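Peer 1: Could you have a look at this structure, given as structure tokens, before my questions?
The values are calculated or read from the model by the stated rules, or taken from the named source; none is laboratory data. Given the structure is predicted, the values throughout are model-derived calculations rather than measurements. With ideal geometry, Cβ positions are generated from the backbone for all residues, glycine too; neighbour counts draw on all protein chains shown. Side chains are part of the model used for accessible areas, which takes the heavy atoms of the whole protein and leaves out ligands, DNA and RNA. Shrake-Rupley method; radii C 1.70, N 1.55, O 1.52, S 1.80 Å.
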Amino acid sequence: MCKADDEEVVGEFNQGSNKKMVAGILAFCGVVTVSSIIAMGVMSVQIANKAQPAPVAASSEGATIIINTGSGSTSGSTSGSSTVVGAAKDEVPLFARPPIDGPNECEGKKVQIDNVDCLIDALENVLPQAGGNVTMGFTGELNVGHEPIKTPYFQNDMCPVNVHWHLGTEHLSVGEYDEMGAGPHTKPGDMRRKLAAGEKVRGGFRCHHYDENDAKFTTEYDWQHCVGMEVGETYEVHWPHSAAGACGTINQYQTPFYDGVLCRIGVLGDLSRLPHQVGVQGQVFTIVNDEDYFYPDLMRGMIVDGEMGTEITKYTGSTTGTSRDNEICSAYSPITWQVDRKCHMISASTFDKMCADMKS
């Protein structure tokens, strides 16, 4: 584990034979006091190398992960050898090569804005905050006077500039991810009891999918690219988007994410339209070791497929992070949040594929 530049404890990526660590980012998270602490940032300048059927010649520069779509088990090679030995016909190698060296137009573009006192500055200036209760039918008590983006971000000339995720959820969706959820180390009601005892809980809410008697929630996965992840756990993934990002270029994805959000800050003008120029997608998953739940691309935004990405709560909030709580608020506000109210199962290999993409 390592510290991000000012407010978030983050994870690492296994860089295989390259022996290179890609550090994480400030999370776009956290006013809820039970918010998470594990976030993984992105230092990606290229997206998703095209996978080739195995066996295949592998670059001596890149690590390789094998996804076995038949059994759900994995085997991997990070030695940089020229061929993948013993790969079955349904196995696909995923390559992770280090970023290209070169100028980064977004580096250092973050504008430092100090946190504010929630009970004085934020209320006087009516600064909406996040994360929040996204349960269907819930109505908050703060009238902020800002309208969120109600259409997909790509229809508003915005692109994702980062992806990161958190152990447990920051948002609350009663019956989907809440204090009665469970995981490998959390039983239903644990959070409620701990809060009642006055303990400081940092793990966030959990989904309701976990079943200790079902192998897909308990069978360990051989992680090749992600570090610190666990089958059966709940993670909330965030994709910050911005109209001021270096969209369509190798500098589109940035860490810290503020560099990506504010890369071409002139596009944002006088910031009066900020809720319609900067936003975050949020989606919650329970990780399973089962390839029936594999999705090939988790890097470029929320999954929209079947019931995934269809029941969305849209609201204006703020950036977040562990330096904020119910007393100290973020001044990076207002921005739009679009959060999937449902919790979905997803394969561990989907996350590992994303980590490979993030290193490419």
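For (1) part of a strand (DSSP E or B); (2) crowded, with 21+ Cβ neighbours inside 10 Å; (3) in contact with a Pro (Cβ under 7 Å, 6 or more places away or on another chain), each residue gets a yes or a no:
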residue	(1), (2), (3)
Thr135	no, no, no
Phe138	no, no, no
Leu142	no, no, yes
Pro148	no, no, yes
Gln155	no, no, no
Trp165	yes, yes, no
Gly168	yes, yes, no
Gly175	no, no, no
Pro188	no, no, no
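Peer 1: State whether one or more residues within the stretch 190-209 are modelled with pLDDT of 95 or more, open to solvent by 70 Å² or more (accessible area, probe 1.4 Å) and not in a strand (DSSP E or B).
Peer 2: yes
Peer 1: Something else: Give the residues of the stretch 243-271 that are over 20 Å from Pro152 (Cα atoms) and polar (S, T, N, Q), sorted by residue number.
Peer 2: Correct list: Thr249, Asn251, Gln254, Thr255.
Peer 1: Another one. Would a scan of the stretch 317-327 turn up a residue that is surrounded by fewer than 18 Cβ atoms within 10 Å (Cβ to Cβ) and either touching a helix residue (DSSP H, G or I) at 6+ places or on another chain (Cβ under 7 Å) or at pLDDT 95 or above (or both)?
Peer 2: Within the stretch 317-327, one or more residues are surrounded by fewer than 18 Cβ atoms within 10 Å (Cβ to Cβ) and either touching a helix residue (DSSP H, G or I) at 6+ places or on another chain (Cβ under 7 Å) or at pLDDT 95 or above (or both).
Peer 1: Residue check, Asn104 against (1) at pLDDT 75 or above; (2) not in a loop (DSSP other than H, G, I, E, B), all met but one. Which one?
Peer 2: Every condition holds for Asn104 apart from (2).
Here is a yes/no grid of residues against (1) out of contact with any helix residue (DSSP H, G or I) (no Cβ under 9 Å at 6 or more places or on another chain); (2) in a loop (DSSP other than H, G, I, E, B); (3) of a type in the set (S, T, N, Q):
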| site | (1), (2), (3) |
| --- | --- |
| Gln224 | no, yes, yes |
| Trp239 | no, no, no |
| Thr249 | yes, yes, yes |
| Tyr253 | no, yes, no |
| Cys263 | yes, yes, no |
| Val267 | yes, no, no |
| Gly279 | no, no, no |
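Peer 1: Moving to a separate point now. Scan the stretch 269-312 residue by residue and report those that are exposed (fewer than 15 other Cβ atoms within 10 Å of the Cβ) and among the basic types (Lys, Arg). Walk me through how you get there before you give the answer.
Peer 2: Our first condition is that a residue be exposed (fewer than 15 other Cβ atoms within 10 Å of the Cβ); within the stretch 269-312, this holds for 269-273, 292, 297, 304-307, 310-311.
Arg273 - this is the single residue of the stretch 269-312 that is exposed (fewer than 15 other Cβ atoms within 10 Å of the Cβ) and among the basic types (Lys, Arg).
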